[in-house]
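S.K.: My questions will all concern the structure given below.
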Amino acid sequence: MRKILLVAAVFLASFAPAVDAYASQTATVVSPKRPLNVRAGSAVWTTQLRTLPHGASVAIACQVKGQLINQGPVRVTDQWDRLTDGSYVSDAWIRRPATPIPACGPAAPVAPAAVAAAAAVTTTTGTVASGRTPLKARTGPVHTAALIAALPSGTPLTLVCQQRGENVAGSQRVTPMWDRLPEGTYVSDAYVRRTATPPPCTAATQPVAAPAAPAADGAWTSPLPGFRARPGFRTAGNPNHIGVDIMSFTGTPIHAASAGTVVEVVCNIEAGHSCDETGSASIGGCGWYVKLQHAGGISTLYCHMVRKATVQPGQKVKAGQILGYVGTSGNSSAPHLHFEVHINAPPTNPQNAVDPLPFMRTHGAPIG
Ligand SMILES: [Zn+2]
């Protein structure tokens, strides 16, 4: 019976002229430390429309899948509640009756006027000021990261947030800050003319979908384009180290080294610690990690992510697809990617780990 009702609700939703066609459910904001942001979409980098204080009452029309929020006091969830005016709040901050909330239909009735009005106030905009040379938009905050686009001087930009990366002396300033664009690419802030400073990129402001580094299916590509691994596979001083470490910055996207299937998304850490905390050399475990299975019995492992990966077990990924973001969870004393390659897998074990530096070099994607 419930199934029939749900189908009817979705059917109505797709044809309904306004969101208030839904029967709404009243719920309460749980956000004692700071007001809850109400947004134009189901992710924290969408436009902030207004805030709601702790204890405020909201009318939920339906739910959509969006950005995973793991910092809310009520639950860890990727569900966002669409309110009856078409705005969104993360369900992680909402206390509500156990009654299921219907999934939102395909219509996305965000009030355009409200979004435009809020956008005028909260979005940071800028303009490329790079003279005759176009400004490069890259997959990471460093000039060696894969090039995605070349933006001519004068191009208007929407600046989502700022991330620390390579220091650049440009036309506007000398700065290590890079601006993240809505597509998930980065431009050096040294060449961006702007009147306001974008907010810092945090774990919560990562894009859901960012551009994959250009690589053909079946081909291999660096998991951290632009960053170099140092030799460190099974050294005399560290014989149990069965991968290489690529030093980077927290939040830099980690890419699938080749096409494959996600086989594990795991928090691997010593009992009593959390993968969502900054790790340390005295804690055991590779933190938040992802394992991929590729063709030919090859498996790759990506450790110390800043938080749980954005991909799911069973998911097929393309070469270069973003798996998660650099962090320092688990046995780690600074933000970096610990990268392993195993042959004759599954299973993966210390015996079938190979040195990633020559492996990647012979597969046309040197990382050292
Ligand atoms: Zn390592």
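S.K.: Excluding Ala345 itself, what net charge comes from residues whose Cβ is under 14 Å from its Cβ, given Lys and Arg +1 and Asp and Glu -1?
M.R.: Once all neighbours under 14 Å are counted, the net charge is -1.
S.K.: With the dipole of the range 124-205 worked out from charges on the C-beta (+1 for Lys and Arg, -1 for Asp and Glu) around the Cα centre, which of Val160, Gly131, Leu147 lies farthest toward the positive end?
M.R.: Gly131
S.K.: Next question, about the same structure. Using a 7 Å offset from Cα along Cα-Cβ at Arg132, what residues in the range 148-168 end up with backbone N under 19 Å from the label point?
M.R.: Answer for this model: 150-155.
S.K.: In nm, give the distance between the simple-model label positions of Lys33 and Met247, each being 7 Å from the Cα along the Cα-to-Cβ direction.
M.R.: Label at Lys33, label at Met247, 3.1 nm between them.
S.K.: May I pose another question? Among residues other than Cys275 whose Cβ falls under 12 Å from its Cβ, what is the net charge (Lys/Arg +1, Asp/Glu -1)?
M.R.: -1
S.K.: Sticking with this structure for a sec: Checking a compactness column here: for the range 29-69, what do you get for Rg(Cα) / (2.2 N^0.38 Å), N being the number of residues?
M.R.: Against the empirical 2.2 N^0.38 Å value, I get 1.17 for the range 29-69.
S.K.: On alpha carbon coordinates alone, what is the Rg over Rh value for the range 257-355, Rh being the Kirkwood radius? Don't skip to the answer; put the middle values down first.
M.R.: On the way: Rg = 12.9 Å, Rh = 13.4 Å.
We get a ratio of 0.97 for the range 257-355.
S.K.: So what does Thr26 come to for accessible area, using a 1.4 Å probe and Å² rounded to 10?
M.R.: 90
S.K.: Can you give me the solvent accessible area of Lys318 with a 1.4 Å probe, rounded to the nearest 10 Å²?
M.R.: 130
S.K.: Another question, then. If you place +1 on the Cβ of every Lys and Arg, -1 on the Cβ of every Asp and Glu, and leave all else neutral, what size is the dipole of the range 229-362 about its Cα centre, to the nearest 20 Debye?
M.R.: About 360 debye.
S.K.: Something else: Compute the Kirkwood hydrodynamic radius of the range 273-328, taking the inverse of the mean of 1/r over all pairs of distinct Cα atoms, and give it in Å to one decimal. Before the final figure, lay out the partial values.
M.R.: Working: mean 1/r = 0.0815 Å⁻¹.
Mean inverse Cα-Cα distance, inverted, gives 12.3 Å.
S.K.: Compute the distance in nm between two label points, each set 7 Å from the Cα along the Cα-to-Cβ direction, one at Ala59 and one at Arg193.
M.R.: A separation of 4.7 nm, rounded to one decimal place.
S.K.: State, to one decimal in nm, how far the label point of Glu264 lies from the label point of Ala98, with both points 7 Å from Cα in the Cβ direction.
M.R.: According to this spin-label approximation, the distance is 3.5 nm.
S.K.: Heavy atoms only, 1.4 Å probe, whole protein assembly: order His336, His54 by accessible area, highest first. Display every interim value, and only then the final one.
M.R.: Numbers: His336 15, His54 105 Å².
Correct descending sequence by accessible area is His54, His336.
S.K.: Would you check the accessible area of Leu68, probe 1.4 Å, heavy atoms only, in square angstrom rounded to 10?
M.R.: 70
S.K.: Between the DSSP loop rule and a limit of at most 14 other Cβ atoms within 10 Å, which GluC sites (Glu not before Pro) in the range 237-345 are left?
M.R.: Details: sites: Glu264, Glu270, Glu277, Glu340; in loops: Glu270, Glu277.
For GluC sites (Glu not before Pro) across the range 237-345 that sit outside H, G, I, E and B with at most 14 neighbouring Cβ atoms in 10 Å, the list reads Glu270, Glu277.
S.K.: Ok, one more. Mind putting a number on the dipole of the range 216-296 about its Cα centre? Charges go on the C-beta only, +1 for Lys and Arg and -1 for Asp and Glu, and I need it in Debye to the nearest 20. List each step's numbers first, then the result.
M.R.: Working: 4 positive and 6 negative charges, 68 e Å.
Roughly 320 debye, rounded to the nearest 20.
S.K.: Within 12 Å, Cβ to Cβ, of Gly251, how many net charges do the neighbouring residues add up to if Lys/Arg are +1 and Asp/Glu are -1?
M.R.: +3
The values are calculated or read from the model by the stated rules, or taken from the named source; none is laboratory data. Treat the numbers as computed from the prediction; the structure is a model and nothing was measured. In this analysis, Cβ positions are derived from the backbone assuming ideal geometry, glycine residues included, and neighbour counts consider all displayed protein chains. For accessibility, only protein heavy atoms count, side chains too; no ligands or nucleic acids. Shrake-Rupley method; radii C 1.70, N 1.55, O 1.52, S 1.80 Å.
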